[in-house]
1. Go through the residues of segment 6-13 one by one and say whether even a single one is in contact with a strand residue (DSSP E or B) (Cβ under 7 Å, 6 or more places away or on another chain), touching a residue at least 40 places away in the same chain (Cβ under 8 Å) and within 18 Å of Leu62 (Cβ to Cβ).
2. Could you list all residues from segment 46-67 that are among the β-branched types (Val, Ile, Thr) and loosely packed, with under 15 Cβ neighbours inside 10 Å?
3. Residues in segment 12-33 that are under 19 Å from Lys55 (Cβ atoms) and of a type in the set (Gly, Ala, Ser): how many?
4. Given (1) out of contact with any Phe, Trp or Tyr (no Cβ under 6 Å at 6 or more places or on another chain); (2) under 23 Å from Lys4 (Cβ atoms); (3) touching a residue at least 12 places away in the same chain (Cβ under 8 Å); (4) not aromatic (Phe, Trp, Tyr), identify the lone condition not met by Gly54.
Amino acid sequence: MAQKVKVWYDSEGDFMEVAFSDEPGSMRETDNDAVMERINKDGQVIGFSILGVGKLSKEKPLQAELVDA
């Protein structure tokens, strides 16, 4: 089944957010300082955000582990 994903990018803040769901959620830290995961009330990952997108290296990918509760 196909799933829609929404992506927002703020060039002034150099910030990108990806949402897998429109449901309310809160942000939680990940193992990477540049990445935050958005979780719903049950602790399931419903999106993520990345700070400093313009500073990402072309040679080294950004990695973070998104973990459901």
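1. Yes, segment 6-13 has at least one match.
2. Val67
3. Total satisfying the criteria: 1.
4. Here Gly54 meets the rest and fails (2).
Values in this text are rule-based calculations from the coordinates and carry no lab data. In this text, all values refer to a predicted model and were calculated from it rather than measured experimentally. Using ideal geometry, Cβ is built from the backbone for each residue, glycine included, and neighbour counts are taken over all protein chains shown.
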